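In what follows, a structure is listed as C-alpha cells, so that the remarks can point back to it.
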Amino acid sequence: MNKSYEVYAQEVEPLSILSPEGKIINEEEMPNLSDDQLKELMRRMVFTRTWDERAVNLGRQGRLGFYAPVSGQEATMVGSEFALNKEDFVCPGYRDMPQIVWHGLPLYQAFLYSRGHQHGGQIPEGVNVLMPQIIIGAQILHATGVAMGFKKRNQKNVVITYTGDGGSSEGDFYEGLNFAGVFKLPAIYVVQNNGYAITTPFSKQTAAQSVAHKAVAAGIKGVQVDGMDVLAVYKAVQDAAERGRNGEGATLIESLTYRFRPHSMADDTTKYRTKEEEGEWSLKDPIIRFGKYLESKGLWSDEDTARVKDEAKASVAEHIKKAETTEKMTVAGLIDSMFEETPQHLQEQKADFS
Amino acid sequence: MAQMNMKEAIRDGMRVELKRDPNVLLFGEDVGKVGGVFRATEGLQNEFSEDRVFDTPLAESAIGGLAVGLAVQGFRPIAEIQFVGFIYEALDQMAVQAARLRYRSGGRYNAPITFRTPFGGGVKAAELHTDALEGLLVQTPGIKVVVPSNPYDAKGLMISAIRDNDPVFFMEHLNLYHAFRSEVPEGEYTVPIGKANVVKEGSDVTIITYGMMVHTSLKAAEEIEKTKGVKVEVIDLRTLMPLDIDTIVESIKKTNRAIVVQEAQKTSGVAAEVIAQINEKAILHLEAPVLRVAPPDTVYPFAQIEDAWLPNPARIIDGLNKVLDF
C-alpha cells in the first residue's frame with residue numbers, strides 16, 4: 001500500500017451472521033456452538049427480557065430503586081458474557097446488570113443494589129465482577145487494571161468492560177484504551193452504541209466514522225459488530241478473548257444496538273426519537289431473529305419461550321422477595337464499612353446511631 | 001543507623017515493602033528509569049525490575065484507575081501523581097472509586113493503595129505544582145491522609161501506608177525532600193497512621209500543625225520563647241485523616257491556648273476541623289479562642305510572592321501573641 005502523509009480511516013461494516021429473517025448469511029464466521037449452547041443463549045435472552053419487563057413494573061411500584069432498562073440489548077449483553085469463562089472478569093457500566101448476573105451475581109443482590117442496600121455489592125467469592133459503575137467510563141480504567149493483574153500473574157484470563165456510545169466520549173475511555181495498548185493487556189472494551197446518551201444522539205457524540213475507529217489511535221484492535229445479532233456478538237467477543245489469552249492484547253468492540261425503552265425510568269423517548277426509528281429497530285429484535293433461526297433448526301418453539309418466561313417470572317418473584325425480606329442495612333454498619341478498622345472519630349459518630 | 005534526608009527515607013520505605021511483599025507495585029509518570037522528577041524512586045526499577053516498578057503513559061485518571069483495578073486483583077499499588085496540582089485529573093479515581101470500593105462491595109474488595117504526591121510551597125516551582133490540597137481529600141470519606149515532616153516519620157509512615165488495607169493519600173513536601181538529614185533505622189519499622197507527635201513540649205500555648213509548617217512553627221516557638229519567656233508546645237499531626245484529637249486535647253488541657261498553622265488556604269480546611277473538634281471536646285479548657293494562621297483564600301501565587309503568602313515565623317508569632325494576650 002502506498003504511504004501517505006494523511007491518515008485515512010477506512011469505512012467499516014458491522015459483523016453480521018444472522019439475517020433479520022434468522023438465516024445464516026455469513027457461514028464463515030459462524031461460531032462453533034452446540035445445540036444446547038444455542039438453546040441456552042436463547043433461554044438467557046428470553047429470561048433477561050422477561051426480567052427487564054418485571055423490573056420496570058417493580059420500579060413503578062416503588063419496589064426497586066434506580067433501574068436502567070435493557071430490552072433490545074440482550075444479544076450484546078447475553079452474547080458477550082456467554083463467550084467468557086467463569087474466571088474471566090466483568091466490569092459493567094450502569095446498564096450492565098444482566099452480564100454480571102449471568103456471570104454469577106445472585107439476582108436478589110442485583111435487586112438489593114438497586115434498592116441501595118450495601119449487601120447488593122457484596123459479591124460472592126469466586127464471582128469475578130464489579131458492581132455497575134455510575135461514573136461514566138471509570139470502569140474502563142478498572143478493567144485495565146484488572147487486566148494488568150491477570151497479565152502480571154500469568155493467568156490466561158480476560159477482562160470485559162462495557163460502556164455506551166456516550167461513554168466513548170469520556171477521557172477515561174481514551175486513557176484506558178491507551179494504557180491497554182501500551183501494556184498489551186488482555187482487555188475487551190465493549191461499547192454498546194445504542195444511538196443515544198440518554199437523549200443526545202450519536203451524531204452529536206462524535207464526528208469519528210465509528211466508535212470502533214477509536215481503537216486505531218490506541219494501537220489496539222477495533223471491530224464493529226451487529227449488536228442485535230447474538231451470534232455475531234458472541235463471535236466477536238470469542239475472537240477478542242482468544243487474542244487476549246494469547247497475549248495479543250486488547251480489543252475494542254463497537255456493538256450497534258438499540259434500547260427499546262427509555263434510558264431510565266424517567267425520560268420521555270418521544271421527545272428525541274421517532275416512531276419510524278423505533279419501528280425499524282424493532283424489526284431487528286434479537287430475540288425474534290435468533291428465535292427464527294432456532295425454530296428453523298427445530299431447537300425452539302413458542303412453548304419454550306412461554307416456559308422460560310414463566311421460569312423468569314417465578315425467579316424474579318422469588319428474588320425480589322428475598323431482597324425485600326433482607327434485613328435493612330444500618331447507619332452503624334455503614335460507618336463500619338468505611339475502613340478496615342473504624343477510627344475513633346467514626347466510632348464516636350456511630351454512637352449517635354446506635 | 002543511616003543518615004537520610006526525607007526523600008531517601010521515603011524511597012527506603014518503598015524499597016523495604018517492595019522487597020517484603022511481591023504484591024507491592026510502584027508506578028506513575030517517569031518513576032522508572034529516571035526515578036521520578038525528584039528522584040524519589042531512583043534505583044527501584046533497577047532493583048525490582050520493570051514488572052514491579054514502571055512508567056505509565058501521561059494520564060493521571062488512568063494511573064488512579066489502574067491502581068483500583070490492580071487492587072481488585074490483590075495487588076498493593078503505590079501510584080505516584082507527579083505533582084499535587086494534577087490530582088484533580090485523578091480525583092474521581094482517588095476520591096470516588098478507591099475511597100468507595102470497600103463500601104460499594106460491602107467489604108468484598110478493598111483498595112490498599114498508596115497515592116503519593118509531592119506538594120508544598122516555598123520552592124518557587126511552576127504554577128499548580130505546590131498547592132496544599134489535603135483538605136479536599138480529608139473531606140472525602142474512606143481515604144486516609146498522611147503528611148510527614150521528617151525522614152524518620154516519612155519512612156515509618158510510608159511503610160504503614162503501603163501495609164494499610166485502605167487507600168492512603170501520602171503527601172511529600174517538596175521543601176522537606178532535601179532540607180536536612182537525620183537518623184533513620186534500616187529495615188522495617190512503622191510509624192502508626194492516626195497518631196500525632198508532640199515534637200516540642202511546652203506549658204503556655206500549643207501550636208498544632210503538620211508538614212513544612214512544623215519547622216516554621218518551631219522557629220517561631222524558639223523566637224517567642226526568647227522574647228516573651230513562654231513555653232510553646234508544638235504538635236505535628238503527621239496524619240490528617242484520621243486526626244489524633246486525643247493528643248490535641250491533652251495538650252489544650254495543659255496549655256489552655258492554641259493556634260493552628262497550615263499552608264493551605266484558610267477556609268474550611270484542616271485547621272477549621274481541628275478547631276471544631278477542640279470546641280467539641282475541650283472548650284472549657286480554653287482561655288482564648290483558637291486561631292488559624294494560614295494563607296488567604298486566593299489561588300496559590302506561585303514563585304513571585306509565595307514567601308509573603310505562606311505563613312512565616314513572624315505571622316505565627318503574631319498569632320501566638322493574640323491568644324497569649326487575649
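Bear in mind that the values in this text are calculations on the coordinates, not laboratory data. Please read these numbers as outputs of a predicted model, since none were measured by experiment. Every residue, glycine among them, receives a Cβ derived from its backbone with ideal geometry; neighbour counts consider all protein chains shown.
Using the Cβ-Cβ distance between A:V12 and A:Y272 with R0 set to 41 Å, the FRET efficiency from 1/(1 + (r/R0)^6) comes to roughly 0.95. When the square roots of the Cα gyration tensor eigenvalues are ordered a ≥ b ≥ c, the ratio a/c for region A:54-177 is 1.5 or more and a/b exceeds b/c, which makes its shape prolate. This model, with +1 at the C-beta of Lys and Arg and -1 at the C-beta of Asp and Glu, gives the protein assembly as shown a dipole about its Cα centre of some 720 debye. Name the residue, out of A:S203, A:S169, A:S264, whose mean-square fluctuation peaks in a Gaussian network model built on chain A with Cα pairs under 10 Å. Residue with maximal mean-square fluctuation among A:S203, A:S169, A:S264: A:S203.
Once you have the Cα-Cα distance between B:K281 and B:M1, take 0.36 nm times their residue separation minus that, and quote the gain in nm to one decimal.
96.8 nm
Report the one residue of B:T255, B:L243, B:L291 whose Cα lies farthest in the direction of the positive end of the charge dipole of region B:223-326 (charges on C-beta: Lys and Arg +1, Asp and Glu -1; origin at the Cα centre). Result: B:T255, furthest along the dipole toward the positive end. Legend: P(r) of region A:27-351 from all alpha carbon pair distances, 20 Å bins from 0, whole percents, reading 31, 58, 10, 0. Once the convex hull of all Cα atoms in region A:189-321 is built, its volume per residue stands at 166 Å³.
The Stokes-Einstein estimate for region B:30-120, based on a Kirkwood radius over Cα pairs and taken at 10 °C with 1.306 mPa s viscosity, is a diffusion coefficient of 117 µm²/s. Per residue of peptide B:88-95, the mean number of Cβ atoms on other chains within 10 Å of the residue Cβ is 2.
Can you tell me the FRET efficiency between A:D336 and A:Y5 if r is taken as the Cβ-Cβ distance and R0 is 51 Å, rounded to the nearest 0.05?
The formula returns an efficiency of 0.25 here.
In chain B, inverting the average of 1/r over every pair of distinct C-alpha atoms gives 20.0 Å as the Kirkwood radius. Placing unit charges on the Cβ atoms only, positive for Lys and Arg and negative for Asp and Glu, gives region A:27-351 a dipole magnitude near 340 debye about its Cα centre. Note on A:T326/A:N57: beta-carbon distance plugged into 1/(1 + (r/R0)^6) with R0 of 25 Å gives a FRET efficiency of 0.75.
In chain B, the DSSP-assigned H stretches of four residues or longer account for a calculated mean residue ellipticity at 222 nm of -10500 deg cm²/dmol, using -39500 (n - 2.57) per stretch and the full residue count as denominator.
Mind checking the mean number of beta-carbon atoms from other chains within 10 Å of the Cβ atoms in A:151-159?
Values: counts 2, 8, 4, 0, 1, 0, 0, 0, 3.
Mean shielding count: 2.
Mean residue ellipticity, 222 nm, helices only, chain A: the sum of -39500 (n - 2.57) across DSSP H runs of n ≥ 4, divided by residue count and rounded to 500, is -13500 deg cm²/dmol. Sorting the segments A:154-161, B:67-74, B:51-58 by their residues' average number of neighbouring beta-carbon atoms within 10 angstrom, most packed first, yields B:67-74, A:154-161, B:51-58. Across the alpha-carbon set of region B:157-241, the Rg to Rh ratio works out to 1.03, Rh being the Kirkwood radius.
Please figure out what share of the DSSP beta bridges in region A:27-351 is antiparallel and state it in percent, rounded to the nearest 5.
Working: 2 of 25 bridges.
Around 10 percent of the beta bridges assigned by DSSP in region A:27-351 are antiparallel ones.
In straight-distance terms, cross-link reach from B:K7 covers every one of the lysines whose alpha-carbon lies under 26 Å from its own, apart from those fewer than eight places away in the same chain; here that gives B:K19, B:K33, B:K124, B:K144, B:K155, B:K195, B:K200, B:K219. Taking a ≥ b ≥ c as the square roots of the eigenvalues of the alpha carbon gyration tensor, region B:200-326 is oblate, as a/c is not under 1.5 and a/b does not beat b/c. Dividing the convex hull volume of the alpha carbon atoms of the protein assembly as shown by its residue count gives 177 Å³ per residue.
Per the Cα gyration tensor, region A:114-210 maps to an equivalent ellipsoid with semi-axes of 25, 20, 9 Å, ordered largest to smallest.
Dividing the alpha-carbon radius of gyration of region B:274-326 by 2.2 N^0.38 Å (N being the number of residues), what value is obtained?
Scaled against compact globular proteins, the figure is 1.42.
Taking label positions 7 Å along the Cα-Cβ direction at both A:M265 and A:I134, the computed distance is 1.5 nm, reported to one decimal.
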